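Peer 1: One structure, as structure tokens, below. Some questions next.
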Amino acid sequence: MKKLILSSLSLAMVISLFIVKPVQANPNLSVSAEHAVLLDSESGRVLYEKDAYEASLIASTTKIMTAIIAIESGKMEEKVKVSSRAVHTEGSSIYLTENEKIPLKDLVYGLMLRSGNDSAVAIAEHVGGSVEGFTQMMNEKALWLGMNHSNFENPHGLDGEEHLSSAYDLALLMAYSMKNETFREVTGSESFRSENRDYAWMNKNKLLTKYYAPANGGKTGFTKKAGRTLVSSAEKDGMELIAVTLNAPDDWNDHQRMFEWGFDNFETVKLQSEGTVETNGQSYYLPRDIYFPLTAAEKEEVKATFYRYNGVELDNLAGMRQFMVGETPLVQASVWHERPKKSLISGMKSFLGRITGVVPWST
């Protein structure tokens, strides 16, 4: 699926008012999961969903949030002194010992590859000052990302009455996290050997290590109450998709079917090229390339309309551009009269990340 340019759409959008409409095709696709979603990482478009917005138990897929907060803390090279509380955390473990000193980076690998609950607590205490303080950071991050059906009670995912998220929220979180190169490296690793160990930790994510070649990251999870949970990402021909299943008895096959359906039925199309364009004797500035996944039929029907702000003083804003397929809106954004200062562009990109949870363009 090559990235194509729709040359007829010479004037398009900018990102200061970027809205992705969850538009779903009518798929001939079924999954075993109680809750599922397939999301395009670049645009945030939902390609497929099954009760994706309902809050549910999520087990160790929680650790994606724990990992990205740890990575973004800037403390990855610091040594963590392991507490008694961490060592005695129930469930899956990387067998930390009390008072052991281990780099935070190693704990993040142990968290993501081996799903260590002891590692999760050690990370939380070091980065957040306490498990409770770190949990507050998790909920603040969820709010910032627009995870509106999520609430975290702990950093590891052991069942809690109010420890919940939705398939869609987890997809937003994974899409955001995959924009971080360190996170990509960690989640995409098949093994890692800590300087504190004489053996390597092998990744439990068999979709990555065994079953599906395009897979490039993810996190497994399981508790008796939550069932099997899985978040995964895969990339093929320039398109990266995020799949999430909650309470899925056949999750490995669910994800492969979802990915193959997505890659077979959608193509990443370039709707806008960055730069200044001329139309009707006036120039406008489009600050970013915009890519969007479309089916073959949608690609033939997509159209763009420019709505000018006539007689309204809105500084540099010239109007709004909206892309639609038939009567269904896909994406809309504002158009500017001229290229703004770089600091303003960066600020708008940050705002975009906060309101959507997905940052479609790299810095």
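Peer 1: Name the residue, out of LEU330, LEU317, that is touching a residue at least 60 places away in the same chain (Cβ under 8 Å) and more than 20 Å from VAL37 (Cβ to Cβ). Lay out the reasoning, then the answer.
Peer 2: Values: LEU330 fails: more than 20 Å from VAL37 (Cβ to Cβ).
After applying the criteria, what remains is LEU317.
Peer 1: Another one. Has segment 159-172 got at least one residue that is out of contact with any His (no Cβ under 6 Å at 6 or more places or on another chain), part of a helix (DSSP H, G or I), of a type outside the set (Asp, Glu) and under 15 Å from ILE94 (Cβ atoms)?
Peer 2: Going through segment 159-172, the residues out of contact with any His (no Cβ under 6 Å at 6 or more places or on another chain) turn out to be 159-165, 168, 170-172.
Pick out the ones that are also part of a helix (DSSP H, G or I) and you get 168, 170-172.
From the residues that got through so far, the ones that are of a type outside the set (Asp, Glu) too are 168, 170-172.
After this cut, where a residue has to be under 15 Å from ILE94 (Cβ atoms) as well, the list is none.
No, segment 159-172 contains no residue that is out of contact with any His (no Cβ under 6 Å at 6 or more places or on another chain), part of a helix (DSSP H, G or I), of a type outside the set (Asp, Glu) and under 15 Å from ILE94 (Cβ atoms).
Peer 1: Between residues in segment 176-199 that are open to solvent by 60 Å² or more (accessible area, probe 1.4 Å) and residues that are of a type in the set (D, E, K, R) and part of a loop (DSSP other than H, G, I, E, B), which pairs lie under 9 Å by C-beta distance while being six or more apart or on different chains?
Peer 2: From segment 176-199, the pairs are TYR199/ARG193.
Peer 1: Condition test on LYS206, is it within 21 Å of ILE242 (Cα to Cα) and open to solvent by 40 Å² or more (accessible area, probe 1.4 Å)?
Peer 2: Values: within 21 Å of ILE242 (Cα to Cα): yes; open to solvent by 40 Å² or more (accessible area, probe 1.4 Å): yes.
In short, yes.
Peer 1: If we scan segment 266-275, do we find a residue that is more than 30 Å from LYS303 (Cβ to Cβ) and either within 20 Å of the chain's Cα centre (by Cα) or modelled with pLDDT of 95 or more (or both)?
Peer 2: Within segment 266-275 (the criterion being more than 30 Å from LYS303 (Cβ to Cβ) and either within 20 Å of the chain's Cα centre (by Cα) or modelled with pLDDT of 95 or more (or both)), the answer is no, since none of the residues qualifies.
Peer 1: Counting only residues that are under 12 Å from ASP40 (Cβ atoms) and open to solvent by 10 Å² or more (accessible area, probe 1.4 Å), how many does segment 237-250 have? Walk me through it before giving the result.
Peer 2: First, pick out the residues of segment 237-250 that are under 12 Å from ASP40 (Cβ atoms): 238-243.
Those left that are additionally open to solvent by 10 Å² or more (accessible area, probe 1.4 Å): 238, 240.
Count: 2.
Peer 1: Any idea which of LYS179, LYS141 is under 18 Å from SER73 (Cβ atoms) and either part of a loop (DSSP other than H, G, I, E, B) or of a type in the set (Gly, Ala, Ser) (or both)? Steps first, answer last, please.
Peer 2: Working: LYS141 fails: either part of a loop (DSSP other than H, G, I, E, B) or of a type in the set (Gly, Ala, Ser) (or both).
Result of the check over LYS179, LYS141: LYS179.
Peer 1: Give segment 23-75 a look and list any residue that's at positive phi and either hydroxyl-bearing (Ser, Thr, Tyr) or modelled with pLDDT under 95 (or both), or say none.
Peer 2: Selection gives GLY44 alone.
The values are calculated or read from the model by the stated rules, or taken from the named source; none is laboratory data. Since the model is a prediction, treat every value here as computed from it, not as a measurement. Counting neighbours? That spans all protein chains shown, and the Cβs are built from the backbone with ideal geometry, glycine included. What goes into the accessible areas is simple: the full protein's heavy atoms, side chains included, and nothing from ligands, DNA or RNA. Shrake-Rupley method; radii C 1.70, N 1.55, O 1.52, S 1.80 Å.
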